Amino acid sequence: MEPILEITHVSKTYGKKEALKDVSLKIEPGKVVGLLGPNGSGKSTLIKLINGLLQPTDGQILVAGQALGIETKKMISYLPERTYLNEWMKVKDLLGFFSDFYEDFDIEKARQMLATLKIDEDSKLKTLSKGTKEKVQLILVMSRKAKLYVLDEPIGGVDPAARDYILNTIIKNYSEESSVIIATHLIQEVENICDDIIFLGYGEVRLQGNVDDIRQEKGQSIDALFREVFRC
Amino acid sequence: MSWKFDTTRPIYMQLVERIKLMIVTGELASGSKLKSVRDMAEEAGVNPNTMQRALAELEREALVYSQRTSGRFVTEDKELLTKMRDEFAEEKVKTFIESLMQLGYAQDEVITLIQHYLGGIK
């Protein structure tokens, strides 16, 4: 099967600083992958590269076999760390906005999820709490029928109950044809739902593999292993 | 909501144990149909691939079987179920006895303790 994402020998330097050094990785379809690393490890750089927001200094990135461009943007549903949505818009305006922008947006699915979380479509974004805004944004992103979902800190700013809901949504949304990348440092929360994990440290891949295989081999949780590998 | 897991051991193995227990206790009745992998994964709060791996293991041990189009079922093999129940019991007895021995009880004292607890010979 063709990998959904294939990164080969990618480097990214900002002036003299090497943010990513010779990173290679492959993500097969039907996988949920945790991209884990301490602050400044290169997670955000990698995510921006995948989304075509930055250009690699060296190396190649392929999404479903294609070089980055308009076609790959259609296949990727991206949840950035910070919101880019306009504060004055109502939730229902955003639904229209996403319908216009993305052919694969399933407005009914989004409506159902909003209803489950009791989020009123008539409320203005400005009037919603930070956590609710994040939920709205996640709903928009997960309601696309994309090949690759790239979620940058999807559970960072929400309460534990909402975290459960979000993680559950990721499980529910699971498909054999698509993959999900979750970048986070809340490892304990995500390790049960990931197939594979990638540890990124100082711009390099330090460890990657199947969660259960790693647990079996090391006899410890991914969270504990992370603390060991990245001990300050 | 989602199941609790020991973080130091592979999740799929814990799913296997948990589902076995559900079969032994009859929470999943012998011969009954299992929910879809997706639903079971959601209930447990795990990745569907992990649940799939657990079910494949249970299938290998013949505790569940699949029927090509209609899904997965709990085994109706009574002998196998009894054997599994015995294994569970043995494991429980082992940890129980070991913990009492650790506290310094001798074998006959352990027996007295059990009889006492059961309200038998005082």
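The values are calculated or read from the model by the stated rules, or taken from the named source; none is laboratory data. Bear in mind that the values here come from a model prediction, so they are computed numbers and not experimental data. No Cβ is skipped: glycine too gets one built from the backbone with ideal geometry, and neighbour counts run over all protein chains shown. The accessibility values were calculated without ligands, DNA or RNA, using every heavy atom of the protein model including side chains. Shrake-Rupley method; radii C 1.70, N 1.55, O 1.52, S 1.80 Å.
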Within the bounds of segment A:36-53, is there any residue that is open to solvent by 40 Å² or more (accessible area, probe 1.4 Å) and among the hydrophobic types (A, V, I, L, M, F, W, C)? yes
Checked segment A:210-232 for anything surrounded by fewer than 20 Cβ atoms within 10 Å (Cβ to Cβ), within 12 Å of another protein chain (Cβ to nearest Cβ) and in contact with a strand residue (DSSP E or B) (Cβ under 8 Å, 6 or more places away or on another chain); matches are A:Asn210
Among the listed residues A:Lys109, A:Lys124, which satisfies the condition of being more than 29 Å from A:Lys26 (Cα to Cα) and either in contact with a Lys or Arg (Cβ under 6 Å, 6 or more places away or on another chain) or exposed (fewer than 13 other Cβ atoms within 10 Å of the Cβ) (or both)? A:Lys124
Within segment B:3-15, of all residues that are in a loop (DSSP other than H, G, I, E, B) and within 7 Å of another protein chain (Cβ to nearest Cβ), the one surrounded by the most Cβ atoms within 10 Å (Cβ to Cβ) is B:Pro10
Inspect segment B:65-85 for any residue being among the polar types (S, T, N, Q), modelled with pLDDT of 90 or more and surrounded by 15 or more Cβ atoms within 10 Å (Cβ to Cβ) and give the result as yes or no. yes
Quick one: A:Asn86 ticks every box in (1) closer than 22 Å to A:Gln137 by Cα; (2) part of a helix (DSSP H, G or I); (3) at pLDDT below 95 bar one, so which box is it? (2)
Pairs only if they're at least six apart or on different chains, beta carbon under 7 angstrom, first in segment B:84-100 and over 23 Å from B:Val74 (Cα atoms), second surrounded by 10 or more Cβ atoms within 10 Å (Cβ to Cβ); list them, first residue then second. B:Ile97/B:Val110; B:Leu100/B:Val110
Could you figure out which of (1) open to solvent by 20 Å² or more (accessible area, probe 1.4 Å); (2) out of contact with any helix residue (DSSP H, G or I) (no Cβ under 7 Å at 6 or more places or on another chain) isn't true of A:Arg206? (2)
Within the group A:Ile182, A:Ile170, A:Ile197, A:Ile193, which residue is in contact with a Cys (Cβ under 8 Å, 6 or more places away or on another chain), within 12 Å of chain B (Cβ to nearest Cβ) and not basic (Lys, Arg)? A:Ile182
Could you tell me which of the residues B:Glu98, B:Glu27 is of a type outside the set (Ser, Thr, Tyr) and assigned to a helix (DSSP H, G or I)? B:Glu98
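Would you please name the residue that is least open to solvent (accessible area, probe 1.4 Å), looking only at residues in segment B:16-30 that are over 9 Å from the mean Cα position of the chain (by Cα) and touching a residue at least 40 places away in the same chain (Cβ under 8 Å)?
B:Leu28
What tally of residues in segment B:44-67 results from selecting those that are of a type outside the set (A, V, I, L, M), more than 7 Å from chain A (Cβ to nearest Cβ) and under 23 Å from A:Ile197 (Cβ atoms)?
Total meeting the criteria: 3.
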What's the number of the condition B:Glu42 fails, among (1) closer than 30 Å to A:Glu28 by Cβ; (2) in contact with a strand residue (DSSP E or B) (Cβ under 8 Å, 6 or more places away or on another chain)? (2)
Give me a count of the residues in segment B:31-40 that are within 14 Å of chain A (Cβ to nearest Cβ) and surrounded by fewer than 16 Cβ atoms within 10 Å (Cβ to Cβ). 4
